[in-house]
Amino acid sequence: MTQAVTDHLLRGLVTGSHAEGTTCLAVAAAIEDDGRTLLVATTGDDVDTVWQLPTDLVLPGETLVQGLVRTVSLTTGLGVVEVTGYGGHHDHLVDGEVVRTFVFTVTVDDPERVCRWANIGHRWSPNPIIASSPLGEVAACPAYTVDPAARLIGPTTLQPLSTALQEAAKGLLCSEAAIELLSRQHSWMCRHDFVGGFVDPSTSPNRDPASSAGIAFVDWSGALAALDDGRLPCSSGEGQLLRIAASLAEGLPVDLRDAITGLDAVNTGLVARAVWHAAGHRP
């Protein structure tokens, strides 16, 4: 589910990141045309080619939108017509520094013009799941696979994954609140390292066996162990929200003073909403 892009949202993304100590920001453009998503070729460390969304750092003095327009222009030769939505963000470590990448959906003028650029490797992917991966699509690695749970992720909607998790938590107020917290925070649901490693998909016995819909469960203990071991690099705010969600869902210990210190206004509101839900109150 994408959010409408407003000046208020854009300011909040930047100021919230800076409040968490994340100052290295990047943007990624999800360019869609006729049910396909544009991927561009980059050179990976371990494989010959990595296919991913057009992505680049936001330069000093640039706004997120200015960085997005420049990124699309330089990487694809296309011009942005409209920034249509915000799809969440993901964090990764580069030389020990957290880089936060904001993903936006955009429309461009004459999308097929990219095919006339001889100096850019590109392809239109019919599979939106791969296109949404923060790690990109590894094209030259036969062993690369996507976990069944991670296949629930889409490039512009998190609804299938959220629905599967909500189905499993249905009727358990604290578990519902934990899933709602992660779903509204967005970034964990967009990460294949989290979804692929710590979300277990199952088939609901109450559903039609012919249906592909199902339920999914989070391995909260495993996710927190990975977080503590540094296997799930993230911003402090994302880590705090994951700890609070795990505590709500399974009663895992959390130091509330540490967990809420430094949260921005948006994330504080999400935590308050989750606590309200867990206590049996509905908005």
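The values are calculated or read from the model by the stated rules, or taken from the named source; none is laboratory data. Everything numeric here is computed off the predicted structure, so don't read it as measured data. Neighbour counts run over all protein chains shown; Cβ positions are idealised from the backbone, glycine included. Ligands, DNA and RNA are stripped out before the accessible areas are found, and what is left, the full protein with its side chains, is counted by its heavy atoms. Shrake-Rupley method; radii C 1.70, N 1.55, O 1.52, S 1.80 Å.
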Of the criteria (1) crowded, with 20+ Cβ neighbours inside 10 Å; (2) under 26 Å from Met189 (Cα atoms); (3) hydrophobic (A, V, I, L, M, F, W, C), which one Leu78 fails | (2)
In segment 6-27, which residues are buried (at least 17 other Cβ atoms within 10 Å of the Cβ), at pLDDT 90 or above and not in a helix (DSSP H, G or I)?
-> Leu25, Ala26, Val27
Residues satisfying the stated conditions in segment 246-283, i.e. open to solvent by 40 Å² or more (accessible area, probe 1.4 Å) and of a type in the set (Ser, Thr, Tyr) | Thr261, Thr268
Identify, please: which residue in segment 225-237 is hydrophobic (A, V, I, L, M, F, W, C) and more than 21 Å from Cys174 (Cβ to Cβ) and is, among those, modelled with the lowest pLDDT?
-> Cys234
In segment 241-256, how many are outside any loop (DSSP other than H, G, I, E, B), of a type in the set (D, E, K, R) and over 25 Å from Arg100 (Cα atoms)?
-> 1
Counted residues in segment 54-98 being farther than 22 Å from Glu112 by Cα and assigned to a strand (DSSP E or B) come to 12
Among the residues of segment 81-107, the number that are small (Gly, Ala, Ser) and open to solvent by less than 10 Å² (accessible area, probe 1.4 Å) is 2
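Yes or no, residue by residue, for (1) assigned to a helix (DSSP H, G or I); (2) at pLDDT below 90; (3) under 26 Å from Ala28 (Cα atoms); (4) in contact with a Phe, Trp or Tyr (Cβ under 7 Å, 6 or more places away or on another chain):
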| position | (1), (2), (3), (4) |
| --- | --- |
| Gln166 | yes, yes, no, no |
| Pro205 | no, yes, no, no |
| Gly239 | yes, yes, yes, no |
| Asn267 | yes, yes, yes, no |
| Leu270 | yes, yes, yes, no |
Test Ala143 against the criterion of being open to solvent by 50 Å² or more (accessible area, probe 1.4 Å), part of a loop (DSSP other than H, G, I, E, B) and at pLDDT below 75, and give yes or no.
-> yes
Test result for Asp200, surrounded by fewer than 21 Cβ atoms within 10 Å (Cβ to Cβ), modelled with pLDDT of 75 or more and not basic (Lys, Arg) | yes
